[in-house]
Amino acid sequence: MTLKHQNDPELIRKLLMDPGIWVVVGLSSHQDRPAYGVSRWLKFEQGKGVIPVHPRAETVHGERGYASIADIPDGTDIKVVDCFVNSHHVGAVVDDAIAHKDRLEIDAVWMQLGVVDEAAAERALAAGLDVVMDACPRIEWRTVRSEGMAR
């Protein structure tokens, strides 16, 4: 029996406070999609580097896009792989992050609100990646920011 993944509030705080690069898988130039709005917030309001990953490899927010995590150049130091894909497809994205973890210095996988794959989360944790699942960074930021004010 496996335990259901529980997000660590301190990990969420650490990832959101770090200025590192976020790879946003599923990010395209479609402005009506959640990935577009959240990545815009990450880049322009939080000051994070953003790398779009989408099969069309579009440039988004002035950042060059890549068709896959495998296409991101060696030596890129990635803080988070943020997954805006369907739960049925997120396992493959997590496996790509694991495969390129050392080459790209990936620290964490973040599965967006509504994206759940317990087995993928377990694989990522076993590979040494931090995991946040079924959460939106923009929503979580409200908690992090308000906790920071109380400290």
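The values are calculated or read from the model by the stated rules, or taken from the named source; none is laboratory data. It should be emphasised that the depicted structure is a prediction, and the values quoted were computed from it without experimental measurement. Cβ placement follows ideal geometry from the backbone for every residue including glycine, while neighbour counts extend to all protein chains displayed. Protein only, heavy atoms only, side chains kept; ligands, DNA and RNA dropped before computing areas. Shrake-Rupley method; radii C 1.70, N 1.55, O 1.52, S 1.80 Å.
For the stretch 98-114, the set of residues classified as crowded, with 22+ Cβ neighbours inside 10 Å and closer than 18 Å to LEU11 by Cα consists of ILE106, ALA108, VAL109, TRP110, MET111, GLN112, listed by residue number.
Of the residues that make up the stretch 65-78, is at least one modelled with pLDDT of 95 or more and farther than 17 Å from ILE106 by Cα? Within the stretch 65-78 (the criterion being modelled with pLDDT of 95 or more and farther than 17 Å from ILE106 by Cα), the answer is yes, since at least one residue qualifies. Cβ-Cβ distances below 6 Å connect the following pairs, each with a first residue in the stretch 83-110 that is within 19 Å of VAL50 (Cβ to Cβ), a second residue that is among the hydroxyl-bearing types (Ser, Thr, Tyr) and at pLDDT 95 or above, and a separation of six or more residues or different chains: LEU104/THR76. Filtering the stretch 4-30 to residues that are open to solvent by 20 Å² or more (accessible area, probe 1.4 Å) and under 11 Å from the mean Cα position of the chain (by Cα) leaves ILE21, GLY26. Would you mention how many residues in the stretch 38-53 are among the aliphatic types (A, V, I, L, M) and touching a residue at least 60 places away in the same chain (Cβ under 8 Å)? The total comes to 2. Does ARG138 fit the bill of being free of Cβ contacts under 8 Å to residues at least 24 places away in the same chain, open to solvent by 60 Å² or more (accessible area, probe 1.4 Å) and closer than 17 Å to ARG13 by Cβ? Answer is no for this residue.
For the stretch 115-125, how many residues are among the acidic types (Asp, Glu) and surrounded by fewer than 21 Cβ atoms within 10 Å (Cβ to Cβ)?
The first filter runs over the stretch 115-125 and keeps only residues among the acidic types (Asp, Glu), leaving 117-118, 122.
Those still in the list that are surrounded by fewer than 21 Cβ atoms within 10 Å (Cβ to Cβ) too: 118, 122.
The total comes to 2.
Under 8 Å between Cβ atoms, which residue pairs at least 6 apart in sequence (or on different chains) link something in the stretch 112-125 that is over 11 Å from VAL85 (Cα atoms) with a partner that is loosely packed, with under 15 Cβ neighbours inside 10 Å? These pairs meet every condition: GLU118/THR2; GLU118/LYS4; GLU122/THR2.
Please go through the stretch 6-19 and give me each residue that is more than 27 Å from VAL60 (Cβ to Cβ) and assigned to a loop (DSSP other than H, G, I, E, B), ordered by number. Once the filter is applied, which keeps residues that are more than 27 Å from VAL60 (Cβ to Cβ) and assigned to a loop (DSSP other than H, G, I, E, B), the stretch 6-19 yields GLN6, ASP8.
How many residues, within the stretch 38-69, are surrounded by fewer than 13 Cβ atoms within 10 Å (Cβ to Cβ), not charged (D, E, K, R) and not in a loop (DSSP other than H, G, I, E, B)? Looking only at that region, the number is 1. Counting the residues of the stretch 20-37 that are part of a loop (DSSP other than H, G, I, E, B) and free of Cβ contacts under 8 Å to residues at least 60 places away in the same chain gives 8. Annotation: VAL80 fulfils all but one of (1) touching a residue at least 40 places away in the same chain (Cβ under 8 Å); (2) open to solvent by less than 40 Å² (accessible area, probe 1.4 Å); (3) over 22 Å from HIS30 (Cα atoms); the unmet one is (3). State yes or no: is VAL90 β-branched (Val, Ile, Thr), touching a Leu at 6+ places or on another chain (Cβ under 9 Å) and buried (at least 20 other Cβ atoms within 10 Å of the Cβ)? Spelling it out, it is not the case that VAL90 is β-branched (Val, Ile, Thr), touching a Leu at 6+ places or on another chain (Cβ under 9 Å) and buried (at least 20 other Cβ atoms within 10 Å of the Cβ).
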